[in-house]
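Here you go, one structure.
Derivation of every value follows stated rules applied to the coordinates shown; laboratory data play no part. Every value quoted in this text rests on a predicted model; they were computed, and no experiment measured them. Please note: Cβ atoms are built from the backbone with ideal geometry, for glycine as well, and neighbour counts cover all protein chains shown.
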Amino acid sequence: MISMTKKRLGEKPEKPDRVFEITGENNHKIPVEVYMAVPFELAHEIEIRQYVEGGNYPEIDFLYIDKAVYTGEYVVSDLGCVSLAVATDKEHFLYLLKERVLPHYDGDLVKKIEVILR
């Protein structure tokens, strides 16, 4: 369980809650840091920051996460309301993030990806 006494709701925490790597173009490894600014069950927005070689600022993209009323599943969608993944819980969400969502953010100049759940 995430202690909200140590971090303010909605702000990027100092340390990531999960760290893993994805394989990018040309088989280079891209480190991914996942930050939970709120408990997973309360998250509604996913901010994805891509840091590229030679860039001063990250490229930012937003996805959205909502809990389905009847099934209790978490639906991840983009701005156009296209469903990208349906997760049953936090661990399933992190797996889908790594295996299905983030591989689309793997340009050959990307050196790091940060994911912030708000």
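In Å and whole numbers, how far do the C-alpha atoms of the stretch 18-117 stretch along each principal axis, longest first?
Taking the Cα atoms of the stretch 18-117, the three principal extents are 45, 25, 24 Å.
Between Ile60 and Glu91, what is the label-to-label distance in nm when each label sits 7 Å out along the Cα-to-Cβ direction?
3.3
For Val19 and Glu99, compute 0.36 nm times the residue count separating them, minus their Cα-Cα distance, and round to one decimal in nm.
Computed gain between Val19 and Glu99 is 27.4 nm.
May I pose another question? Can you sort Ser77, Ser83 from fewest to most other Cβ atoms within 10 Å of each residue's own Cβ?
Exposure proxy ranking, most exposed first: Ser83, Ser77.
Counting only C-alpha contacts under 8 Å and six or more residues apart, can you give the relative contact order of the chain as a whole percent?
Averaging sequence separation for qualifying contacts and normalising by length gives 33 percent for the chain.
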